[in-house]
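Below is one structure, written out as structure tokens; the observations come after it.
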Ligand SMILES: NC(=O)C1=CN([C@@H]2O[C@H](COP(=O)(O)OP(=O)(O)OC[C@H]3O[C@@H](n4cnc5c(N)ncnc54)[C@H](OP(=O)(O)O)[C@@H]3O)[C@@H](O)[C@H]2O)C=CC1
Ligand SMILES: Cc1cn([C@H]2C[C@H](O)[C@@H](COP(=O)(O)OP(=O)(O)O[C@H]3O[C@@H](C)C(=O)[C@@H](O)[C@H]3O)O2)c(=O)[nH]c1=O
């Protein structure tokens, strides 16, 4: 069985490609160079060339701060492009898994957001992703939106890689401790998506509507940074950093507003697909070691 992957060159796309064999799935991996998802003509050409049983859309505009002044570009991809992918999947009768984000929430909650909780994005990125979700679900009854959060993997850019870089540049790192969410290793998410797709294609289970999948346990960005730096110090040589300090959001102003709280309730994906949240610490070990190896700063055994 073969799936068509859009967004193949991204952090998640690369992990999906690396893991599809473990799930017994073939893949046609299509990157931005071959297909701009905001061009219906290019999408139509790809759907015409590739014979597949299902589609995963991991393509997106993901630069959260830049999106605030690049509204058209973010809208084109996250909103219009997402909708076009769903329309074509519907035309061809193909199940679709579309990836979305915790930044669709306003962050004022205090309990994990259920899959059907109201969205209220505060940033351009979050708004375009929320509109994209609506377009996808409106265009195709055989589509599922899988929201995830705080993704990190070997093929970043991502927050973990930023922290590893800063560990070699600075003695002190200051990170916000009043934004709480769930870091997610892209390896875990890739397995979750592939498992969903495999079950959708080989059993009676139907993937429809919104699902949440993120790592556990919940954490602030500060706690996440502290865990990353702890691992850098344990495994690395030559890093400069002495301490990570908690700060408030007001002390780290950014163009885009992030949710203060974006923990998501992942019970639906577990109930319907048996897919459980992975512990993000597992991903930190793997990705920090990978980064240190790249920097030639991994301690010799
Ligand atoms: N990164 C994160 O922390 C989180 C991500 N997500 C969601 O997960 C999904 C995967 O994200 P991630 O892998 O981290 O993101 P990346 O930015 O690493 O990858 C996105 C990919 O999409 C491609 N792309 C951008 N515009 C287009 C376009 N018009 N047509 C085709 N491809 C395009 C990019 O190509 P190019 O680089 O050439 O532009 C890139 O290869 C996205 O839907 C994102 O919104 C959700 C929560 C957290
Ligand atoms: C680099 C840095 C960031 N921060 C803060 C800024 C921000 O509030 C928070 C996260 O920073 P980043 O800008 O790296 O992460 P950000 O780009 O906001 O990450 C988001 O990406 C998109 C694509 C998603 O969908 C989200 O789930 C989420 O992962 O950490 C510090 O406090 N200190 C620092 O040194």
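Here are a few things to note about the model shown:
- Among 64, 145, 55, residue whose mean-square fluctuation peaks in a GNM of the chain (springs only between Cα atoms under 10 Å): 64
- Based on the reciprocal of the average 1/r between different C-alpha atoms, the Kirkwood radius for the range 1-120 equals 15.5 Å.
- The range 195-301 shape via C-alpha gyration tensor axes, a/c threshold 1.5: oblate
- Rounded tilt (10° steps) of 280-294 against the dominant C-alpha axis of the chain: 70 degrees
- Between 0 and 90°, nearest 10: helix 40-49 axis offset from the chain longest Cα axis: 70 degrees
- The chain: antiparallel DSSP beta bridges as a percent of all, rounded to 5: 10 percent
- Radius of gyration, Dmax [the chain; alpha carbons; angstrom]: 19.0, 56
- Expressed to the nearest 5 percent, the antiparallel share of DSSP beta bridges inside the range 1-113 is 0 percent.
- Diffusion constant of the range 135-200 at 20 °C, which comes from Stokes-Einstein with the Kirkwood Cα-pair radius and 1.002 mPa s, µm²/s: 145 µm²/s
- Computed over the alpha-carbon atoms, the range 51-161 gives an Rg to Rh ratio of 0.98, Rh here being the Kirkwood radius from the mean inverse distance.
- The chain: relative contact order as a whole-number percent, Cα under 8 Å and 6+ apart: 21 percent
- Averaged over residues, the count of other Cβ atoms within 10 Å places the peptides 26-37, 215-226, 120-131 in the sequence 120-131, 215-226, 26-37, highest first.
- Gaussian network model of the chain, springs between alpha carbon atoms under 10 Å - residue of 46, 210, 284 with greatest fluctuation: 46
- In the chain, the longest principal axis of the Cα atoms and the axis of helix 124-139 are about 20 degrees apart.
- GNM top mover of 148, 108, 75 - the chain, alpha-carbon springs below 10 Å: 108
- Cα point-scatterer Debye curve for the range 141-253, base-10 log of I(q)/I(0) at q = 0.15, 0.17 Å⁻¹: -0.73, -0.86
Only the coordinates and a few stated rules stand behind these numbers; no lab work does. Small disclaimer: the values here were computed from a predicted structure and weren't measured. Positions of Cβ are generated from backbone atoms using ideal geometry, with glycine treated the same way; all protein chains shown enter the neighbour counts.
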